[in-house]
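Please read the structure below before turning to the comments.
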Amino acid sequence: MCMRLRSIRLINVCGIFINQNDRDTYLLVNEGTEEYRGRIKVPSRGICHIYNAWHNRLEPIDSSPDGTGTSLFVRIEPRKSFAVVFGETADWPVYEMPAFMGAGIPITGWKRSLCASIDYPTFGPACPVAIPDSLAEERPGFSGFARYEARFYLEYQKPVMLEITNAAEGLEIFVNGVSAGIQIILPYCYDLSGMVQKGENRLVIEVATTLERERSVNMTNPTEKAIAGEPSCGSGITGTVFLKYE
């Protein structure tokens with residue numbers, strides 16, 4: 001295996017090139033705070049796709065021959081990454097995101113329950129809550145897991161995307177008892193098309209918080225507490241939750 005860092009002259013975007021079994025792979029990472037959209041030229045040619053490691057799937061990429069290499073049009077959100085893989089896909093299907101149009105429809109009727117990390121997955125009683133949640137103000141010293149539960153209804157089975165505009169910090173989504181995966185960086189977007197059903201659908205969002213707040217309230221050394229300052233992270237779902245349809 002040959003592995004070396006490629007010099008990609010783009011602000012906040014770096015790339016790692018790997019060649020194994022005559023298959024070129026480029027790992028692109030956006031280390032900045034703003035989304036990058038633009039073209040990147042790589043010195044490989046042929047069929048290529050995005051490999052989405054979070055979902056273990058191939059996705060299409062806008063590519064075209066460019067001299068001795070290939071020009072790729074990429075869109076990379078802040079702090080996110082993906083791999084571009086060259087070569088035939090064999091029998092591995094290529095996933096294409098449906099076109100979700102129009103304004104999002106908010107989900108209402110939420111209930112929230114909490115548990116300490118050591119007690120997971122044993123949550124306490126569920127109580128009604130408004131979204132965005134004010135958990136950080138209500139429980140300033142809480143660190144652990146916050147579970148949010150709601151239901152939504154579909155007149156017929158159709159492509160659906162769930163978006164959560166903000167949460168602190170990582171989260172996992174469950175639809176009708178099945179996990180849709182874990183995400184740890186904004187934007188939190190889930191294609192639920194193959195998981196929803198006609199009629200009632202049960203949605204569960206579990207948000208894992210950091211230990212910052214619990215550590216802060218348990219500090220006994222005044223100097224250490226002064227250096228650490230007040231907790232800066234949010235807690236639970238701090239944005240809105242809505243659905244988009246194709």
Original post:
So which of Arg79, Arg37, Arg75 is assigned to a strand (DSSP E or B), under 26 Å from Cys189 (Cα atoms), among the basic types (Lys, Arg) and touching a residue at least 40 places away in the same chain (Cβ under 8 Å)?
Top reply: Arg75
**OP:** Check segment 111-126 and report whether any residue there is assigned to a loop (DSSP other than H, G, I, E, B) and either among the charged types (D, E, K, R) or within 27 Å of Pro159 (Cβ to Cβ) (or both).
**Re:** no
Subject >> Residue, nearest to the chain's Cα centre (by Cα), within segment 175-187, restricted to residues that are assigned to a strand (DSSP E or B) and either of a type in the set (A, V, I, L, M) or not assigned by TED's automatic domain parsing to the domain that holds Trp110 (or both) >> reply: Ile182
**OP:** Consider only pairs whose beta carbons are under 6 Å apart and that are at least six residues apart or on different chains; among these, list those whose first residue lies in segment 136-160 and is in the same structural domain as Ile237 (by TED's automatic domain parsing) and whose second residue is small (Gly, Ala, Ser) and outside any loop (DSSP other than H, G, I, E, B).
**Re:** Gly144/Ser117; Phe145/Ala208; Ala146/Gly236; Arg147/Ser113
Original post:
For segment 136-149, does any single residue satisfy the condition of being in a helix (DSSP H, G or I) and surrounded by 13 or more Cβ atoms within 10 Å (Cβ to Cβ)?
Top reply: yes
Subject >> Unmet criterion (only one of (1) modelled with pLDDT under 95; (2) closer than 27 Å to Asn56 by Cβ; (3) outside any loop (DSSP other than H, G, I, E, B)) for Glu172 >> reply: (1)
Subject >> Members of segment 54-65 that are part of a strand (DSSP E or B) and under 15 Å from Gly38 (Cα atoms) >> reply: Asp62, Ser63, Ser64
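The values are calculated or read from the model by the stated rules, or taken from the named source; none is laboratory data. As the structure is a computational prediction, the values presented were derived from the model and not from experiment. Quick reminder, even Gly has a Cβ in these numbers, built from the backbone with ideal geometry, and neighbours come from all protein chains shown.
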